[in-house]
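S.K.: Here you go, one structure.
The values are calculated or read from the model by the stated rules, or taken from the named source; none is laboratory data. Everything numeric in this text was worked out from a predicted model, so none of it was measured. Positions of Cβ are generated from backbone atoms using ideal geometry, with glycine treated the same way; all protein chains shown enter the neighbour counts.
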Amino acid sequence: MSEAAHILVVDDDRRLRELLRRYLMQHGYAVSLAADVAEARRLLESFAYDLLVLDLMLPDEDGLTLAGELRRRSEVPILLLTARGEPEERIAGLEAGADDYVVKPFEPRELLLRIATVLRRTRRRGGGIVRFGPFRFDLDTQELRREGEFVHLTSVEASLLAILAREPGRAMARSELARRSRISGSDRAVDVQMARLRRKIEADPRAPRYLVTRRGEGYVLRTEP
């Protein structure tokens, strides 16, 4: 993916959250923040993040609980960031499904390098995956999943989504979509197929969040929340 990776930082230390937001954004990342597990869950329900930076000692639940829960249903990379530095704590975190572990206090540059390494490794593992909201679309297989559950697409629907997903954020005219997906007929035929695709993706197809129409430009896949 050419767009900036979107990181969710989960930590109850407000000052540290803001420092991490500023530091990571300065280095090209998009950043969202959560102060506890409940807030993190709400954010994770509405958007598929590229990586979690997760504290273990949170006010409502242990971060290990969230890490284990996520790993059972998601492939999102998890980097634990915590004051617990004992070997058994590190092992517990990795066994829960974390991809890496950084102990507080830490050097910001080390954290940055660890994040880059995890993203590089997991993106290689994941192949051509485009995430938007709770959805993951595999460009290689043209399979769409919502929170791990397979969403059936017709060959035309999958082709349209693949064209948009290869260049998220760029509006494409109906004529271009028709040509590249080999839809025969008028622009209306593209509209019909997009309406069907929206019914499978959007909570409210009349007010789409991801498959958006830009007046005078065409259709665009929006991957940001």
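S.K.: So, ARG84, is that one at pLDDT below 80, more than 16 Å from ARG121 (Cβ to Cβ) and within 26 Å of the chain's Cα centre (by Cα) or not?
M.R.: Working: at pLDDT below 80: yes; more than 16 Å from ARG121 (Cβ to Cβ): yes; within 26 Å of the chain's Cα centre (by Cα): no.
Taking the combined requirement at face value, the residue does not satisfy it.
S.K.: Another one. Restrict the check to the range 160-180 and report whether at least one residue is polar (S, T, N, Q) and within 16 Å of LEU211 (Cβ to Cβ). Walk me through it before giving the result.
M.R.: Filtering the range 160-180 for residues polar (S, T, N, Q) gives 175.
Within this subset, residues satisfying the condition of being within 16 Å of LEU211 (Cβ to Cβ) are none.
No: the range 160-180 contains no residue that is polar (S, T, N, Q) and within 16 Å of LEU211 (Cβ to Cβ).
S.K.: The conditions are (1) in contact with a strand residue (DSSP E or B) (Cβ under 6 Å, 6 or more places away or on another chain); (2) at pLDDT 85 or above, and GLY93 fails exactly one of them. Which is it?
M.R.: (2)
S.K.: To continue, here is another question. Take ASP191 and tell me if it is over 29 Å from LEU43 (Cβ atoms) and loosely packed, with under 15 Cβ neighbours inside 10 Å.
M.R.: Working: over 29 Å from LEU43 (Cβ atoms): yes; loosely packed, with under 15 Cβ neighbours inside 10 Å: yes.
Yes; evaluated as a whole, the condition is true for this residue.
S.K.: Return the total of residues in the range 166-188 being in a helix (DSSP H, G or I), under 25 Å from THR141 (Cβ atoms) and of a type in the set (Gly, Ala, Ser). Walk me through how you get there before you give the answer.
M.R.: The initial filter retains those residues of the range 166-188 that are in a helix (DSSP H, G or I), namely 174-181, 187-188.
Add one more test, that the residue is under 25 Å from THR141 (Cβ atoms), and what stays is 176-181.
Adding the requirement that they be of a type in the set (Gly, Ala, Ser) leaves 178, 181.
Number satisfying all stated conditions: 2.
S.K.: Still on this structure, I have one more. Output the number of residues of the range 196-225 satisfying the condition of being outside any loop (DSSP other than H, G, I, E, B) and in contact with a Pro (Cβ under 7 Å, 6 or more places away or on another chain). Outline the logic, then answer.
M.R.: Filtering the range 196-225 for residues outside any loop (DSSP other than H, G, I, E, B) gives 196-201, 211-214, 218-221.
Still in the list and also in contact with a Pro (Cβ under 7 Å, 6 or more places away or on another chain): 198-199, 221.
Selection size over the range 196-225: 3.
S.K.: Then there's this: Are there any pairs, at least 6 apart or on different chains, whose C-beta atoms fall under 7 Å, with the first in the range 201-222 and closer than 20 Å to PHE137 by Cα and the second among the acidic types (Asp, Glu) and at pLDDT 95 or above, and if so, which?
M.R.: PRO208/GLU202; ARG209/GLU202; TYR210/GLU202; LEU211/GLU202
S.K.: Now for a different question. Taking the condition of being touching a helix residue (DSSP H, G or I) at 6+ places or on another chain (Cβ under 6 Å) and either in a strand (DSSP E or B) or closer than 19 Å to ILE115 by Cα (or both), how many residues in the range 33-50 meet it? Give the steps one after another, and end with the answer.
M.R.: First, pick out the residues of the range 33-50 that are touching a helix residue (DSSP H, G or I) at 6+ places or on another chain (Cβ under 6 Å): 33-34, 37.
Right, trim to either in a strand (DSSP E or B) or closer than 19 Å to ILE115 by Cα (or both) and you get 33-34.
Summing the residues that are touching a helix residue (DSSP H, G or I) at 6+ places or on another chain (Cβ under 6 Å) and either in a strand (DSSP E or B) or closer than 19 Å to ILE115 by Cα (or both) in the range 33-50 gives 2.
S.K.: Does ARG209 satisfy the criteria of being charged (D, E, K, R), under 25 Å from LEU44 (Cβ atoms), surrounded by 13 or more Cβ atoms within 10 Å (Cβ to Cβ) and not assigned by TED's automatic domain parsing to the domain that holds PHE47? Steps first, answer last, please.
M.R.: Details: charged (D, E, K, R): yes; under 25 Å from LEU44 (Cβ atoms): yes; surrounded by 13 or more Cβ atoms within 10 Å (Cβ to Cβ): yes; not assigned by TED's automatic domain parsing to the domain that holds PHE47: yes.
Against the criterion (charged (D, E, K, R), under 25 Å from LEU44 (Cβ atoms), surrounded by 13 or more Cβ atoms within 10 Å (Cβ to Cβ) and not assigned by TED's automatic domain parsing to the domain that holds PHE47), ARG209 qualifies.
S.K.: Among the residues that make up the range 118-134, is at least one of them over 25 Å from LEU19 (Cα atoms), assigned to a helix (DSSP H, G or I), in contact with a helix residue (DSSP H, G or I) (Cβ under 6 Å, 6 or more places away or on another chain) and of a type in the set (D, E, K, R)?
M.R.: Taking every residue of the range 118-134 in turn, none turns out to be over 25 Å from LEU19 (Cα atoms), assigned to a helix (DSSP H, G or I), in contact with a helix residue (DSSP H, G or I) (Cβ under 6 Å, 6 or more places away or on another chain) and of a type in the set (D, E, K, R).
S.K.: While we're here: Take the residues of the range 51-73 that are assigned to a helix (DSSP H, G or I) and under 15 Å from the mean Cα position of the chain (by Cα): which is farthest from ASP11 (Cα to Cα)?
M.R.: Quick first cut of the range 51-73, residues assigned to a helix (DSSP H, G or I) only: 63-73.
Right, trim to under 15 Å from the mean Cα position of the chain (by Cα) and you get 70-71, 73.
Values: LEU70: 17, ARG71: 19, ARG73: 22 Å.
Step by step, filter the range 51-73, then rank; the result is ARG73.
S.K.: A follow-up question, please. Looking at the range 135-162, which of its residues are surrounded by 13 or more Cβ atoms within 10 Å (Cβ to Cβ), out of contact with any strand residue (DSSP E or B) (no Cβ under 7 Å at 6 or more places or on another chain) and assigned to a helix (DSSP H, G or I)?
M.R.: VAL156, GLU157, ALA158, SER159, LEU160, ALA162
S.K.: Any residue at all in the range 77-89 that is out of contact with any strand residue (DSSP E or B) (no Cβ under 6 Å at 6 or more places or on another chain), in a helix (DSSP H, G or I), acidic (Asp, Glu) and on the phi < 0 side of the Ramachandran plot? Spell out the reasoning first.
M.R.: Of all residues in the range 77-89, those out of contact with any strand residue (DSSP E or B) (no Cβ under 6 Å at 6 or more places or on another chain) come to 82-84, 86-89.
Applying the additional criterion that residues be in a helix (DSSP H, G or I) yields 87-89.
Narrowing the set further to residues that are acidic (Asp, Glu) leaves 88-89.
Restricting the remaining residues to those that are on the phi < 0 side of the Ramachandran plot gives 88-89.
Yes: the range 77-89 contains one or more residues that are out of contact with any strand residue (DSSP E or B) (no Cβ under 6 Å at 6 or more places or on another chain), in a helix (DSSP H, G or I), acidic (Asp, Glu) and on the phi < 0 side of the Ramachandran plot.
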